[in-house]
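The values are calculated or read from the model by the stated rules, or taken from the named source; none is laboratory data. This is a predicted model, so every value here is computed, not measured. Cβ placement follows ideal geometry from the backbone for every residue including glycine, while neighbour counts extend to all protein chains displayed.
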Amino acid sequence: MPKSINRRSFLRSTGIVMGLPLLSGMHPRGTFAGPKTDDPSDIRRMLAICVPLGIHTPNLFPKKSGKDYEVTPYLKPLQGIRNKFSVISGVRHPDVDGAHLAEKSFLTGAAHPGQPSFQNTISADQLAAEQIGHHTRFSSLTLAVQSNSLSFSRSGVKIPSENDPSRLFAKLFLDGNKQQKEEQLRRIEAGQSIMDLVQDQTKRITKRVGREDNQTLDQYFTSVRELEVRLAQAESWANLPKPSVDRKAPIKISDRTQVVEILRLMYDMMFLAIQTDSTRLITFVGAGGNEVVDIKGVDNGWHNLSHHGKDPIKLEQLTIIELEEMRLLAEFLHRLDEAKEGENTLLDQTAVLFGSHLGNASSHSNTNLPILSAGGHFRHGQHLAFAEDKSPPLCNLLVNYLQQHLGLEIDQFSSGESTLNGLDIT
């Protein structure tokens with residue numbers, strides 16, 4: 001029996017703060033490896049958007065399935081690109097409950113996010129970033145209107161979001177002065193030095209652990225080597241000028257009631273990030289709080305309206321807000337579809353997931369999730385409707401995105417053990 005190792009003491013002995021893999025006495029976990037080669041003639045991207053207060057599904061879901069579905073109020077703004085999106089009803093995340101807390105599992109599918117013992121898992125965007133993130137200056141972008149986040153690391157740690165468009169613009173397009181560039185390079189070099197130190201220190205304990213733990217450490221060393229490669233690539237990006245865009249730096253809108261202007265500004269930033277190929281993976285949590293938004297016809301708090309209890313006055317105001325959300329989404333998707341990239345459009349090259357972790361915000365239900373799948377190389381123009389007793393996991397759709405669109409060698413993800421039936425590639 002190998003001698004017990006105190007993880008805290010080991011990390012302290014290295015003189016640095018860095019995550020060591022948990023060995024058999026430390027709750028072991030796996031790693032993921034293997035970035036694919038890039039094909040510059042066919043650039044694929046993925047964007048996931050979550051609306052935190054849900055969508056009133058009677059205004060979204062058609063009653064008829066298939067390609068000749070009727071146009072519902074929320075789908076009207078999208079009819080100009082009807083063949084570029086699919087509306088999907090009847091999907092859920094198995095065992096994902098917790099009402100609003102289910103937002104944490106929107107891209108992970110991790111069960112029971114409301115429980116005190118909840119431990120999240122890696123989100124789909126970060127799984128993809130491990131393989132294709134090195135092809136762009138930013139492996140992924142995690143964005144939000146407030147401070148929410150859909151992105152989680154392999155160890156289930158939330159990746160902080162950026163909610164300031166002016167700061168995001170600077171990050172994407174402003175090179176900074178000589179001193180700032182030098183400081184960035186020093187941080188990268190310091191990271192490379194830590195990689196060397198970690199490998200030296202961890203190798204000393206390989207003689208004190210068993211076979212299973214040595215396998216775990218070997219996986220860990222592989223991850224460290226991959227991180228070293230990414231650091232070297234980051235150094236290369238740091239020496240390259242950032243792309244220039246014909247746009248002035250935006251100013252953050254601090255008044256949260258100006259929801260239309262805030263969302264349009266964030267969509268503008270996402271479009272520029274995609275257009276300049278600054279990243280190929282983006283997550284975004286939209287607006288939704290207690291404030292009374294500055295939209296004509298609305299005089300009640302948004303969160304209060306989402307708990308409408310079928311009150312017709314509340315539903316009328318909620319519909320006004322959500323129609324604006326859908327109009328802004330349509331505006332963004334149309335813009336992507338009008339921008340050419342080789343023989344395709346940016347929308348063709350970007351698989352977009354739009355929806356919510358709340359199927360019914362009024363009752364805090366986490367089933368029958370409102371989902372739109374747009375863009376990517378899929379056969380769209382349909383309403384995919386699944387029966388409640390045959391409700392597939394939303395993670396099946398994420399397998400479509402990861403495997404069929406991004407081309408990753410992935411057969412399953414979280415609760416998704418296959419692709420979603422009915423969404424086929426072109």
Inspect segment 308-322 for any residue being part of a loop (DSSP other than H, G, I, E, B), surrounded by 19 or more Cβ atoms within 10 Å (Cβ to Cβ) and not small (G, A, S) and give the result as yes or no. yes
Meets criteria (surrounded by fewer than 19 Cβ atoms within 10 Å (Cβ to Cβ) and among the aliphatic types (A, V, I, L, M)) for L75: no
Of the residues N300, N290, which is on the phi < 0 side of the Ramachandran plot, assigned by TED's automatic domain parsing to the domain that holds H357, at pLDDT below 95 and assigned to a loop (DSSP other than H, G, I, E, B)? N290
Just to be sure before I move on: is L398 crowded, with 22+ Cβ neighbours inside 10 Å, touching a residue at least 24 places away in the same chain (Cβ under 8 Å) and over 21 Å from the mean Cα position of the chain (by Cα) in the structure I sent? no
Please give the number of the condition I282 fails out of (1) part of a helix (DSSP H, G or I); (2) touching a residue at least 12 places away in the same chain (Cβ under 8 Å). (1)
Considering only segment 334-363, state which residues are within 29 Å of V96 (Cα to Cα) and either free of Cβ contacts under 8 Å to residues at least 12 places away in the same chain or within 18 Å of the chain's Cα centre (by Cα) (or both). T350, A351, V352, L353, F354, G355, S356, H357, L358, S363
Can you pull out every residue in segment 292-310 that is of a type outside the set (A, V, I, L, M, F, W, C) and either within 15 Å of S363 (Cα to Cα) or in contact with an Asp or Glu (Cβ under 7 Å, 6 or more places away or on another chain) (or both)? G301, H303, N304, S306, H307, H308, G309, K310
Checking the structure you have, find out if any residue of segment 406-413 is over 29 Å from D268 (Cα atoms) and buried (at least 22 other Cβ atoms within 10 Å of the Cβ). yes
Test L372 against the stated conditions and say whether it is in a strand (DSSP E or B) and under 14 Å from I55 (Cβ atoms). yes
Segment 292-307, subset within 29 Å of the chain's Cα centre (by Cα) and among the β-branched types (V, I, T), residue surrounded by the most Cβ atoms within 10 Å (Cβ to Cβ): V293
